[in-house]
1. For the range 18-55, enumerate the residues that are closer than 24 Å to residue 94 by Cα, surrounded by fewer than 17 Cβ atoms within 10 Å (Cβ to Cβ) and at pLDDT 95 or above.
2. Filter the range 143-155 down to the residues that are farther than 18 Å from residue 207 by Cβ and at pLDDT 90 or above, then identify the one that is surrounded by the most Cβ atoms within 10 Å (Cβ to Cβ).
């Protein structure tokens, strides 16, 4: 059972989400105003937040930014955020991920899909994104990843990685020189049981290249294998 905060100003959808999440065994808190939602997260961090993009008071992007900025309080800054948006433009999805959302769903969506995403996010949060038998230190040339401390260093300088960027880098280092499909990355880094929107993977790979590649425009570490996925070559 998890404490789920649903921030949505469309009353019919709000009640539908409450009903289905409650039936799945979760404690559900509801909010329709962005500023009030931020106060709720800061005062009593949920296990997961479902966050609408367009809200009165403060939009979902700004809420997400402020939650992730609470670095002195990991209980707040590490809250998994699943963003809900009625917009299907790529830029809106990328913006949501850029400010720290863990995933997004475009309305209309099925309750089955939403509950699967919720389950995946909660499972990853419980696991800390790390398999129990995984090594706690990973190295590749000038890259060093401290899995337990969630720190990544390149040339002795710490990298500023978003949570999912860190998980993705650690997974690549665990399976060097292997072609990893987008679907496999979604299952093992994002925790999906079935294939989701693979563009999420592409966006995070692009950001990760910008932080670990000598020349992100000509990547030598994370190679694209056309039609198959990605391969980390060190």
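1. If the condition is that a residue be closer than 24 Å to residue 94 by Cα, surrounded by fewer than 17 Cβ atoms within 10 Å (Cβ to Cβ) and at pLDDT 95 or above, then 33, 35 are the ones that fit.
2. 144
The values are calculated or read from the model by the stated rules, or taken from the named source; none is laboratory data. All of these numbers come straight from a predicted model, not from anything done at the bench. Here Cβ is always computed from backbone atoms with ideal geometry, including for glycine, and neighbour counts include all displayed protein chains.
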